[in-house]
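Novice: First the structure, then my questions, so here it is.
The values are calculated or read from the model by the stated rules, or taken from the named source; none is laboratory data. Since we're looking at a predicted model, the values are computed, not measured. A quick note on method: Cβ atoms are made from the backbone with ideal geometry, for glycine too, and the neighbour counts reach across all protein chains shown.
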Amino acid sequence: MRAFQKLSARSFAPIGAWAPAMAISLAIAISSPAQNQTVSDPVYVVTYLDVGANSLGLGVDLLKQYRESSRHEAANVEFTVLQETDRPNRFAIVEGWKDQSAFDAHQKAKSTAEFEEALKAIRSSPPNQHVLHAFGPRKPLTTTKQPLLRASSERPR
């Protein structure tokens, strides 16, 4: 498992214990049926990107500027940049937007276009973006009374 650290304005701080819960939530969101989505549902975006090792300083500066400009958009509910600890030129951006139209407006914003254009010159591969809708199930995953997970010492009944 790769370790990431949060990109802060002052320094880099390690990620807390919430990373496994976030991974489970993302898996649930990815598997949520499309018919449950509405236009007013929040939109969550996870983007992975790599910058060239020689461009790490410029990449960090660009990401900080992009983070700050995005956080000032009215419909932004979350914007966090994470940096992988073992490969410091690899980043993950976690975004939350009020709804699909807010995310669409962000994608068309001048600051997004400027960030993407500047990033092209220093990235080592294209960004890998995942857009997630209807974050979390609206109904229970199972109707059985059996637990979904058992401790390893328990035997199935």
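Novice: Mind checking which pairs have a first residue in the range 72-100 that is touching a residue at least 24 places away in the same chain (Cβ under 8 Å) and a second that is assigned to a loop (DSSP other than H, G, I, E, B) and of a type in the set (Asp, Glu), Cβ under 8 Å, 6 or more apart or different chains?
Specialist: Ala75/Asp99; Asp99/Asp41; Gln100/Asp41
Novice: A further question follows. Pairs please, first residue from the range 115-132 and over 13 Å from Leu63 (Cα atoms), second anywhere and at pLDDT 95 or above and assigned to a loop (DSSP other than H, G, I, E, B), Cβ atoms under 8 Å, 6+ apart in sequence or on different chains.
Specialist: Pairs found: Ser124/Gly52; Ser124/Asn89.
Novice: Also: Test each condition in (1) part of a helix (DSSP H, G or I); (2) farther than 21 Å from Pro127 by Cα; (3) at pLDDT 95 or above for Ile28 and report the one that comes out false.
Specialist: So the condition that Ile28 fails would be (3).
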